[in-house]
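Encoded as structure tokens, the structure appears first; notes follow it.
The values are calculated or read from the model by the stated rules, or taken from the named source; none is laboratory data. Worth saying up front: this structure is predicted, and the values here are computed from it rather than measured. A quick note on method: Cβ atoms are made from the backbone with ideal geometry, for glycine too, and the neighbour counts reach across all protein chains shown.
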Amino acid sequence: MSIKSKLLRMKNHLQVEDKIERPVEELKERIEVKKFDQGNGMETEFKEMGFEPFYFDGERSYRKRLLYPFDGERDRLLVDSFHRLKSFWEENDHDHPLSFRGKSLDRLLFFDTETTGLSTGAGNVIFLIGYARLTEEGIEVTQHLLESPSDEAAFLSGFLEDFAEDDYLVSYNGKSFDWPQVKSRHAFIRKQLPKLPSFGHIDLLHSARRLWKHELPSCRLSIVEEHKLHIYRKHDIPGSMAPILYFDYLHDKDPLHLKGVIDHNDQDVRSLVYLYEEIARKLFFSKEVRSSSMEHFYIGDWFEKLSMYEWAETHYKKAIECSTQSFSQGYFRLGLLYKKMGEKKKAIDNLETSIDKSAFPPVEAWIELSKYAEHDEKNVAKALTYAKEAYSLLKKANRVTEKKKIKQVEDLNNRLKRLEMKKAKQMGG
Amino acid sequence: MFGKKTLVELIEELRKDSQVTHWHEIPEENAKSVEMPADLDDKITNALKNRSISQLYTHQKSAYERVMAKDNVVAVTPTASGKTLCYNLPVLQRHMNNPEGRALYIFPTKALAQDQMAELNEIIDEMEVNINSYTYDGDTPANIRQVVRKAGHVVITNPDMLHAAILPHHTKWISLFENLETIVIDELHTYRGVFGSHVANVIRRLKRICAYYGSKPTFICTSATIANPEELASELIGEPVRLINNNGAPKGRKHFVFYNPPIVHKQLNIRKNGTKVVNELASRFLKEKIQTIVFARSRVRVEIILSHLQELVKNEINRQSIRGYRGGYLPKQRREIERSLRSGETIGVVSTNALELGVDIGQLQVCVMNGYPGSIASSWQQAGRAGRRQDESMVIMVANSSPLDQYLFQHPEYFFEGSPETARINKNNLIILVDHLKCAAYELPFHRGDTFDGEDVAEILEYLTDERVLHENNEQWFWMNDAFPAHNISLRSAAQENVVIIDQSVVENHRVIGEMDTFSAMTLLHDEAIYLHEGTQYQVEYLDWDEKKAFVREVDVEYFTDANLAVKLKVLEIDKQDDVGQYSIQYGDVMVTAMATIFKKIKLETFENIGSGPIHLPEQELHSNGLALTLSKDAFASEKEDHIEQVLMGMAHVLQHVSCVHVMCDRNDLHAVPEVKAIHSEQPTVFLYDRYPGGVGLSESVYGQINEIIKECLDFVWNCACEGGCPSCVGVASVDPEAEVKKWVLKILSQTVTYE
């Protein structure tokens, strides 16, 4: 039996990956497939889409540069914000994850890739690299397209050539996906290409998650765009379709298959510019943008984790101020923050308020107050009362996870025991 | 009542037992030692001296010399012969010669890797040099992984990890692959059959990546005793190999006893149930707190024996002193059992062959085997569990009624003097090859004219291009698919998907207690099946076949279940054929359909049948290789189907057993099916086929030695002590004395032999 006929016979046992069914609508929209000869055949089509060929070591790659001029009130604000952000970073010596201190604005590279799969192994190829830069005139978008998998050196060299050592990457999930992928592809042709510089890198997915993961169904870029930047895409090709479209392009040799992916990527990198601005303003120029109470709260939480306490204080206060209901949790966190800042009086006030404001205040608020009464005020009776309040509250609470609750009950029991003993001692002595 | 008699006293007691049919004493043997190699670095010599090693055993030195001369080697080493120095020594010396050099150790399981790292690190600590050795497996934390990739001089891993995590991400391992000097493959003999065929392809991929990064490592393999270590090693690594077998390690005295349970039914030659005898024998030792291991062939047997033995300690606080160990337990549970065996907290363990491998469980004194483990090599591996070091030890093999066991007990010389079995792989099994070509293409593009370690694969690459998995451009094939191929390919099991076993005894806390391959699940996890796990009985309440989940609940019943599998066979294409005596034999492609039909409930104490029920599961299909022994209707006493069927079943029974011995495989890997009127020839036929898609070369190997195998079958049935056939020789079909199955099996077998 020939190998081929055996292969066909055993097809059931061979796991050939399922071909993904394309949505019907998309099929309708597909433009008639034209076949091209290899060679320079596709150059015309690529040029029509704005791409110019580019050669390296006998290989060819395509590159497109497009300027979106600044236009209108929205863009004037954008430029203004970035200039003020730049001065802000120069004046404030924060080690904040969003900082681009020491970089001029045109060094920021808003960066995204499209790949042939979601895995991060050696067989996953990047076929489109796009990035946006801020220039005097507008947002300049550059895209590199891999014409065929055998032109990878040209493709990556075009991208590396355009790069300066002091460029600063801004991406969305680039730290764990796009950049490791660039490194992996670079490893294949590391002998032909210069070394990959190590850039500074701001990953906006991390920031978006801090602010919005509690409120948005997911933190995918398209969802964040829609809810937070009010950018609504028309006829967008979802990123998950990108691999299939690239395979179709290779198979049919028709660059038009890629049009949707190219537009999608172009929009992605421009969105990152606006997204950075939006997040940074919410954090640092909070007076001029409207944020919700919960946004302020999670920004405060983030600042607190970064040990930037004054900033955290501002946002917690705003969170309380913007809240339409009495925001017990806000007072509670503000109380804890003041404790960290060494402002005991304010800490106690806020903890007490958090208890006043809610029928079910956080158990920890009572515990904190009990600690304060015991150690600072030396008022054992008061400490005991507070601890008992905490205990009865804890018994009612069923929101906490079992494990956490057990630990809390245990700790609280110890506290109660110790306080009872202290009290007995005081009475006796 | 515990702890009165010593092992020596118990050995003497056993000597008087009339059921002992053979007593083999293996005398102690002194060490054959030689001087340390002159070129060995002082740091290594001193480190070994501190561990009181001042000389080497002969085989250790030979291995060292060959490896340093850049030869690939395979060292055949029995248990506890100091095999680790065979590879650690050259690897350490190579590091002293070139500190940039790297080594990769491959162990079949995670547990072995952990053991070996500990041992290697002890020597390294003594040497006071900076050699980083790390294990890299599924448990390695993410932050450590990066360190291992960049700075691991010795990376210790398993084939699965190599296949799914290291090779597909080779760009993260550049410094390993650029500097790889040595690859160690321990427990070579485990790489046979399907698993071995997969691993051979993983090694083809590994070599391809090494070549890409410009390294050409030497291979060091170690193996238990098998007939063809050199052949297996060179098949597996695709390179010529030197054999090292001048073992110089000392051995303690060992008693190897064959114990045949008494006959309880003379006419049918039925013997007392082997499991019960094993229970009695093991109890004798365990009562005296002598550390004992019991090997059983199946998971079910393990659990049955375990529940009996645990009765011994039911009044003790520490019920953990006797435990089970088998596949299907979760890894964490296994590690815990291994620890408690080493510490001596556990005195008895009941295991399947999962413990055959070199997992370090310290030294046990007695080994009891419930039945012949299926191969000589496997028996010695299990026997090696008792008395790993230099003291006296005892191994008792208890025969089952199976033909294989009875054959062996008739011919102890076959066991003690015969050559061990041959281990085979078929790395060009089309399904396995295609799977790994996909992985290989994912890792690096293929150029036109490239081979896959010498194998021309252009035709398959073209097929994959047609399937739009690869893309051809500029004389190269590129991976063009959004899947990650290694994730869909398991090296271990034929079935791609496992059935997860979920215990729902506690309503609010369902938990996963184990998993099982789909083929086994058909007969072990069907609705109403009794599934035993760590001595606890569970009943399967619902098997969700589509979702591959079995929901079980704890029960306490007095029976276990045993399911029947109905199998049909179709010959697709005949590749080879030959005459055997008056008949003929064909080898080629077959299609097998299997369906679980009914199950029986069998009482635990008496093993009587107390009920049955249907199984409703879809048919499973399998394309494989097989052989057909085609007979003729005229050969039988009558043309009645009943008669022909019974005789064929008898033949299938004995053929399967003897064939499995000869090609060194489990009975589950090579199936036998009788058909009164085979579709392709319309004649009575016995089929033997590989139970893995595409075949792994077992039936082909049987085809090659069919005359010898039939002679053995004939000899065995002839010499069986029974009258008209018994479950040992011609199987259960012989219960009908009218059919005279034994007589007819003998007659037809004798017509099937070709005498030169």
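Worth pointing out:
- Against the list (1) away from chain B (no Cβ under 14 Å); (2) in a strand (DSSP E or B); (3) in contact (Cβ under 8 Å) with a residue 60 or more places away in the chain, the condition residue A:157 fails is (2).
- In the condition set (1) within 34 Å of the chain's Cα centre (by Cα); (2) modelled with pLDDT under 90, residue A:381 is compliant with all but (1).
- Candidates B:306, B:281, B:312, B:286, filtered to the one that is under 20 Å from residue B:558 (Cα atoms), of a type outside the set (Ser, Thr, Tyr) and modelled with pLDDT of 85 or more: B:306
- Out of B:508, B:541, one residue alone is in a loop (DSSP other than H, G, I, E, B) and more than 30 Å from residue B:165 (Cβ to Cβ). It is B:508.
- Conditions (1) buried (at least 17 other Cβ atoms within 10 Å of the Cβ); (2) within 17 Å of residue B:298 (Cβ to Cβ); (3) touching a Lys or Arg at 6+ places or on another chain (Cβ under 9 Å); number of the one not met by residue B:564: (1)
- Residue within region B:627-648 that is touching a residue at least 12 places away in the same chain (Cβ under 8 Å) and on the phi > 0 side of the Ramachandran plot present: no
- Qualifying residue in region B:160-173 (condition: closer than 26 Å to residue B:53 by Cα and part of a loop (DSSP other than H, G, I, E, B)): no
Listed here are the residues, each with its yes/no results for (1) in the same structural domain as residue B:186 (by TED's automatic domain parsing); (2) of a type in the set (Gly, Ala, Ser); (3) closer than 26 Å to residue B:132 by Cβ; (4) surrounded by 22 or more Cβ atoms within 10 Å (Cβ to Cβ).
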| residue | (1), (2), (3), (4) |
| --- | --- |
| B:22 | no, no, no, no |
| B:41 | yes, no, yes, no |
| B:51 | yes, no, yes, no |
| B:57 | yes, no, no, yes |
| B:63 | yes, yes, yes, yes |
| B:74 | yes, no, no, yes |
| B:79 | yes, no, no, no |
| B:93 | yes, no, yes, no |
| B:97 | yes, no, yes, no |
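- Of all residues in region B:44-74, those satisfying the criterion of being within 27 Å of residue B:216 (Cβ to Cβ) and out of contact with any Leu (no Cβ under 8 Å at 6 or more places or on another chain) are B:59, B:61, B:62, B:65, B:66, B:67, B:68, B:69, B:70, B:71, B:72.
- Subset of region B:423-439 [within 10 Å of chain A (Cβ to nearest Cβ) and in contact with a Leu (Cβ under 9 Å, 6 or more places away or on another chain)]: B:430, B:431, B:434, B:435, B:438, B:439
- The residues of region B:1-41 that are basic (Lys, Arg) and modelled with pLDDT of 90 or more, listed by number, are B:15, B:16, B:32.
- Condition met for residue B:466 (touching a residue at least 40 places away in the same chain (Cβ under 8 Å), surrounded by fewer than 23 Cβ atoms within 10 Å (Cβ to Cβ) and more than 9 Å from chain A (Cβ to nearest Cβ)): no
- When the criteria are applied in full, residue B:654 fails the requirement of being farther than 23 Å from residue B:523 by Cβ and touching a Cys at 6+ places or on another chain (Cβ under 6 Å).
- Of all the residues in region B:441-457, those that are within 11 Å of chain A (Cβ to nearest Cβ) and over 31 Å from the mean Cα position of the chain (by Cα) number 3.
- Listed by position, the strands (runs of 3 or more DSSP E) inside region B:614-718 whose residues that are hydroxyl-bearing (Ser, Thr, Tyr), surrounded by 19 or more Cβ atoms within 10 Å (Cβ to Cβ) and modelled with pLDDT of 85 or more number at least 1 are B:620-630, B:685-690.
- Test: residue in region A:50-73 that is in a helix (DSSP H, G or I), surrounded by fewer than 21 Cβ atoms within 10 Å (Cβ to Cβ) and free of Cβ contacts under 8 Å to residues at least 24 places away in the same chain: yes
- Criterion violated by residue A:180 - all others in (1) buried (at least 19 other Cβ atoms within 10 Å of the Cβ); (2) part of a helix (DSSP H, G or I) satisfied: (1)
- Sole residue being more than 22 Å from the chain's Cα centre (by Cα), over 25 Å from residue A:148 (Cβ atoms) and away from chain B (no Cβ under 14 Å), chosen from A:201, A:206, A:235, A:230: A:235
- Among all positions in region A:76-83, there is no residue which is modelled with pLDDT under 90, assigned by TED's automatic domain parsing to the domain that holds residue A:44 and loosely packed, with under 13 Cβ neighbours inside 10 Å.
- Taking the numbered list (1) in contact (Cβ under 8 Å) with a residue 60 or more places away in the chain; (2) out of contact with any Phe, Trp or Tyr (no Cβ under 9 Å at 6 or more places or on another chain); (3) within 14 Å of chain B (Cβ to nearest Cβ) in turn, residue A:175 passes all entries but (1).
- Residues located in region A:234-245, provided they are over 18 Å from residue A:217 (Cα atoms) and either touching a helix residue (DSSP H, G or I) at 6+ places or on another chain (Cβ under 7 Å) or among the β-branched types (Val, Ile, Thr) (or both): A:236, A:237, A:242, A:244, A:245
- Some residue of region B:203-215 being over 20 Å from residue B:489 (Cβ atoms), among the polar types (S, T, N, Q) and in contact (Cβ under 8 Å) with a residue 24 or more places away in the chain: yes
- Some residue of region B:553-567 being more than 14 Å from every other protein chain (Cβ to nearest Cβ), under 30 Å from residue A:3 (Cβ atoms) and not small (Gly, Ala, Ser): yes
- Residue that is farthest from the chain's Cα centre (by Cα) [pool: residues in region A:112-144 that are within 12 Å of another protein chain (Cβ to nearest Cβ) and among the hydroxyl-bearing types (Ser, Thr, Tyr)]: A:116
- Criterion: within 20 Å of residue B:397 (Cα to Cα), at pLDDT below 90 and in the same structural domain as residue B:340 (by TED's automatic domain parsing) - qualifying residue of B:270, B:293: B:270
- The listed residues are B:487, B:471, and the only one of them that is crowded, with 19+ Cβ neighbours inside 10 Å and either within 14 Å of chain A (Cβ to nearest Cβ) or in contact with an Asp or Glu (Cβ under 6 Å, 6 or more places away or on another chain) (or both) turns out to be B:471.
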